[in-house]
Every structure is written in C-alpha cells, then in structure tokens.
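Engineer: Quick one: the structure is below, and I'll ask about it shortly.
Bear in mind that the values in this text are calculations on the coordinates, not laboratory data. None of these values were measured; they are calculated from a predicted model. Here Cβ is always computed from backbone atoms with ideal geometry, including for glycine, and neighbour counts include all displayed protein chains.
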Amino acid sequence: MGRPFRSVSALTPSTPVLRQRAHGLQGPAFVRWGLIGATLLLLGVFLVVPLVAVFTFAFQKGWAAYGASLVRPASLAAMRLTLLAAVIAVPLNLVFGLAAAWLIARYRFRGRSLLLTLIDLPFSVSPVIAGLIFVLLFGRQGWFGAWLLDHDVRVIFAVPGIVLATVFVTFPYVVREVLPVMEAQGSDEEEAALTLGASGWRTFWSVTLPKVKWGVLYGVILCNARAMGEFGAVSVVSGHVRGVTTTLPLHAEILYNEYDLAGAFAVASLLTLLALVTLVVKKFVEWRSQPS
Amino acid sequence: MARPLRHRVLPGFRLTLGYTWFYLGLVVLIPLSSLFLKTFSLSWEAFWSTVTTARALAAYRLSFGASLAAALANVVFGLLVAWVLVRYRFPGRDVLESLVDLPFALPTAVAGLTLTTLFSAKGWYGQHLEALGIQVAYTSVGVAVALTFIGLPFVVRAVQPVLEELDADVEEAAATLGASPWQTFRRVLFPALVPALLSGFTLAFARALGEYGSVVFISGNMPLRTEIVPLLIITRLEQYDYEGATAIAIVMLAASFSLLLAVNLLHRWSHRRWDARSGA
C-alpha cells in the first residue's frame, strides 16, 4: 500500500497529532506519579545529565581555554573539512531525494518496491562497513588501487574518501522525509498547472516544491546532522592525519585520546549544539505541518 | 511500463527513473558489491577459519549479548516513556518529548565520550557506582549502557503512535465490565502494543549490532573481553588484512539483514491481523 516508508526510518518525526487532553486509562494516582517519576529519572540520567555534562566539561577550564581550543589550527581545519563534507553530501542527496520521491510517489512501475528496499540499504549497514567498502574499492589493494596509485590520486586516507563515506551514510535521509509528504499531498495541483500550460520544471518549482517544503527542510537538516556528526564510516577512511583528514568528531576523539578532556568536549559541544538545533527544527517542522 | 496514478500528464518519469537508478548504483550498489566480490575471492575454508577464530567468536558474543540486553532494556524503557508521554500531562513534558530523539541527533562520538566520562571511576555516575562495587566503563556493562542510550528512541517512537490511536472506547468497555486498570492494561492494551514493541525491539537490536562511535570509547577495546565486532573489522583493516575484515563484515551484514527482514515480515503480519480484525 501507499506507506512503505514508515517506522524503519532512524528519524521519522513522531506523528504530529492534535494534542488533546490526556485520555484513556490513567490508573490510580500513585501509579501515575510513580510512572512519571520513573520516566523523569530515566530520561534525566540518560539524556539531560549527559547534555549538561558536555557543556560542563567543555567549560571546566573557563571561557578563554574553551575559545582557545576551538581556534587552534587543527580545530579550524576540522571545522572546514566537516563543512566541506556536508556542503557536498547534502546537495547531492537533496537532488537525489527529490527525484526519487517524485518517481516513487507519482508512478507505479516495475521494480518500485525493490527500489524502496535498496534506498534503505545505507541505514541497515554498520557505519564501519560503509567505510570498509570504500577501502575495498579505492584502498591500496582495492579494485581501483593500482590505477589510482599510477595516476597519483589519493582517495583513502584523504579528503575524497571522507566525502564519499559521508555521501553514502546520509544517502536515504532526504528521500525518507520527502516521500511520505509527497504521497500524502497527491498530484491534483500539478495536473491543473500542467493543463494550464505550465512546463514540467515550472510546475515542479512553483507547485510541487512549495507543497513539500517542510518535508524537504526536515530531510535536509537530518542529512546535515548526520553528515557533520558521522564517526564510524569516516574513521575507517580517514587515516587520522591531523589537520588534514580529521573531521570534528575525529578531532574530538584525538584530543580525548591525548587526555585533553576540555579540548575534546569543547569540540563535542559544537556538535551537541548542532544536535539541539536539529531537534528544534524538527519541533518547528512538526508544528508547521500540523493540521490546524 | 509507467502508469501514472490517474493521468498520463505528469512529466519526468524517464528522467527521474534514470537518475534515481544511476545515483543509487553509483553511491550505494557498486560500493556495496565490492564487499561481495571480495568475499568470492576467499575460499570457503579460509572464510570459515577467519570468521571462527576465538577472537571473532568472543566479539560476536559480546556484540550480540550487549545488543540483546540493550534492546530488551529499551522495550521496558520505551514502553514506560511512550506510555507516560501519551497518557499523562505534567510540567516539562514537551521538552522531554523532543529530547527523546537526542540519541538520533547527537553524533555518536559525542555520546561515547560523554558516557565514558560520566561512568569512569571518577565520573559523576562512576564514583557512586564504584562505591557499590559496580564497574561500568571499560566492561561489557558499559557496552550495553552505550547501546541502550543509542536505541532508546526506537521503541518509544514505535509505540507512541499506536498508543495515541488506540480507541478509548475499548478501555472504557473493559472498565465497565469490571476490569481493574491493571487487567485492562494487561488484557486489552498490551496485546495491541505487542507488534510495535517487537518492531521497536528489532530496530534497536539491529542498530546496536552495527554501532561503533558510542561504544568504542566506553568499551576499553580489550581483545576477547570488550572488543565489539565493528572494532574487530577496523583492527583487521589496520593490519591490511582486507580479507579478514570483509569476511567478518559479511557475517555481520547477514545478521542485520535478517533482522530487518524480520521487521518487514512482522509489519506485514501485524497489518494483516489489524485489517482482519477491523474488517470483521
């Protein structure tokens, strides 16, 4: 049926329901407060305290040290590389996501459900395996290793490998978020625009895109969060050449292994802010797309 | 052939079909096929002896055991959190509701660093647990804790929509017929939640099996004791043992694919059951 894209998504928005008064079985008061207390304790221990901890550890040596550890050349290089990977991976997967969502939402064709399954593959593969496959392709003993060596092109332990691994792990995000929105919207307006003589591109830009913009925004923000935060896949292909092939998460790891706890958490605090912004945008998108 | 939903006026079928398959092939299918091609270059004996070394077996045991423990913990935690978020209103509820997704949004390395520092012998949690004689960081317990953190949202987000859509009428009917709240929960609500719990469990389990970033800091990485499968793959790669890394990766991939297949079958089964029931 029409909604194969549910539940398996790592980051499906929780269903934006009209929040009504709590209803149904509530249980006696002591049960109610006991359950609420247990939940607060659990989420406090697992989510709230770790969040507070990141910033506490980051600032344990004061603001000056915090700033200093972020403007070091190696930190700045890591920021640049992280941004570069995201700037390449997100647009590529955005264009793909729009094309694939249009295709899957608007047409019934042979191979459609196979396509749906294959699009999910990067989510079901361990990040470490995502890195491994690029080493097998482009590494020194890889399929293209000899050719790359002859032409003096470095992919593994270099920036191209990091970009490739990032594109792979962030592949499904946009399509996953745009497809359900596109399916829910139907294509009546597009058909009207086309009947009135608009070109295909014009229809896409002025009719389809505005209709799915919140899904697109959410997909892009998730794709970006994963692109900037990816660790396992990037770690395999990076080779950890300081200031050259270290993204922010890898840089945090290196600092941590050098016992520079404050420095590691200063870098981690940037990534935590990114996660918090992602959650806020998610909330915003849910609020905007709620039927009023 | 292409059959647009109703009319044939929608353009772009060929373009999007071609581009989608092309990009999918280039980014996902060709790279992944390198893994399978590499496996075929191994003889069966070589493959078998690589994937059954004592070190590999210990890593499977730890990865499966800790992932299973974490996924089971998440079933309990997820049901609790989903229930409280859906059924009760209390101060701070909206913030918690958003925070549930934090483990998905937070880069795994940050989760790993933070949990390790909190649970280490002098950390905020570790010092109190140490006093009780419980060591978490650098043990298999630590691995399970990190995996529980990573999998927390799966069960919550699987159960929540089902719980929200449940008809209050059924519960009221049960209450009218004299059922206690506990009986209503156990006999009426819980059975309806089982498919969602199972699918959340499987997703959390599958994610935990492949997880690397959050575990690698807290595990301590001692071969035979606290070495997870993804780390073993990386170790083999660092020794330029591509064959060894590939063989172990194939075993892991097979495990996670069968889990996801199980989720899909489960989905179909529960939908059919649901349709049959509402059709009756």
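Engineer: Could you tally the net charge around B:Gly200, taking each other residue with its Cβ under 11 Å from the Cβ of B:Gly200, Lys/Arg +1 and Asp/Glu -1?
Structural biologist: In short, +2.
Engineer: I'd like the Karplus ³J(HN,Hα) series for segment B:121-129: coefficients 6.51, -1.76, 1.60, θ = phi - 60°, whole numbers in Hz, and an x wherever there's a Gly or Pro.
Structural biologist: 3, 9, x, 4, 8, x, 5, 6, 5
Engineer: Using alpha carbon centroids, what distance separates segment A:262-292 and segment A:51-90, in Å?
Structural biologist: Segment A:262-292 and segment A:51-90 have Cα centres spaced 16 Å from each other.
Engineer: Right, next: Rounded to whole Hz and in sequence order, give me ³J(HN,Hα) for segment B:67-74 from the Karplus expression 6.51 cos²θ - 1.76 cosθ + 1.60, θ = phi - 60°, writing x for Gly and Pro.
Structural biologist: Rounded to whole hertz, the list is 5, 5, 4, 5, 5, 5, 4, 5.
Engineer: Counting only residues 5 or more places away or on other chains, whose amide H sits under 5 Å from the amide H of B:Asp241 once H atoms are built in the peptide plane?
Structural biologist: none
Engineer: Provide, in order from the shortest bin, the percent of all Cα-Cα pairs of segment A:161-292 in each 5 Å bin, continuing until the bin that contains the maximum pair distance.
Structural biologist: It works out to 2, 10, 14, 15, 14, 12, 10, 8, 6, 4, 3, 1, 0, 0, in whole percents.
Engineer: Determine the principal axes of the Cα atoms in segment B:107-169, then give the extent along each, sorted from largest to smallest and rounded to whole angstroms.
Structural biologist: 52, 28, 19
Engineer: Continuing with the same structure: For segment B:22-66, with equal point scatterers placed on the C-alpha atoms only and solvent neglected, what are the log10 I(q)/I(0) values from the Debye formula at q = 0.22, 0.27, 0.33 1/Å, to two decimals?
Structural biologist: -0.80, -0.86, -1.00
Engineer: Taking chain B as a Gaussian network, Cα atoms linked when under 10 Å apart, which of B:Leu193, B:Leu118, B:Leu99 shows the biggest mean-square fluctuation?
Structural biologist: B:Leu99
Engineer: So what's segment B:164-222 giving for Cα Rg divided by 2.2 N^0.38 Å, two decimals?
Structural biologist: It is 1.84.
Engineer: Over the protein assembly as shown, with a single point scatterer placed on each C-alpha, what log10 of the ratio I(q)/I(0) does the Debye formula yield at q = 0.07, 0.09, 0.12, 0.13 1/Å?
Structural biologist: -0.43, -0.72, -1.27, -1.46
Engineer: Sticking with this one: Taking a quarter of the surface of the Cα convex hull of segment A:106-178, what do you get in nm²?
Structural biologist: The directionally averaged projection comes out at 6.4 nm².
Engineer: What is the Cα convex hull volume of chain A when expressed per residue in Å³?
Structural biologist: Details: hull volume 56.8 nm³, N = 292.
Expressed per residue, the convex hull around the Cα atoms of chain A is 195 Å³.
Engineer: In addition: May I have the pair-distance distribution P(r) for chain B, computed from all Cα-Cα distances with 10 Å bins from 0 and rounded to whole percent?
Structural biologist: All Cα pairs considered, the percentages come to 6, 20, 26, 24, 16, 7, 1, 0.
Engineer: So for A:Ser289, A:Ser206, fewest C-beta neighbours within 10 Å to most, what's the order?
Structural biologist: A:Ser206, A:Ser289
Engineer: Next up: Arrange the following residues from fewest to most other Cβ atoms within 10 Å of their Cβ: B:Val28, A:Val45. Could the numbers behind the result be given before it?
Structural biologist: Numbers: B:Val28 22, A:Val45 13.
Final ranking by Cβ density, sparse to dense: A:Val45, B:Val28.
Engineer: Put +1 on the Cβ of every Lys and Arg and -1 on every Asp and Glu Cβ in segment A:62-288; which of A:Val281, A:Leu103, A:Phe265 then has its Cα farthest towards the positive end of the dipole?
Structural biologist: The Cα lying farthest towards the positive end belongs to A:Leu103.
Engineer: Between the alpha-carbon centers of segment A:165-183 and segment B:209-228, tell me the distance in whole angstrom.
Structural biologist: Taking the Cα centre of segment B:209-228 as reference, the centre of segment A:165-183 is 29 Å away.
Engineer: Karplus couplings for segment A:241-256 from phi (6.51 cos²θ - 1.76 cosθ + 1.60, θ = phi - 60°), rounded to Hz, Gly and Pro as x?
Structural biologist: My calculation for segment A:241-256 gives 7, 4, x, 10, 10, 10, 7, 4, x, 5, 5, 4, 4, 4, 4, 4 Hz in order.
Engineer: Can you give the convex hull volume of the alpha carbon atoms of segment B:121-280 per residue, in Å³?
Structural biologist: That works out to 151 Å³ per residue.
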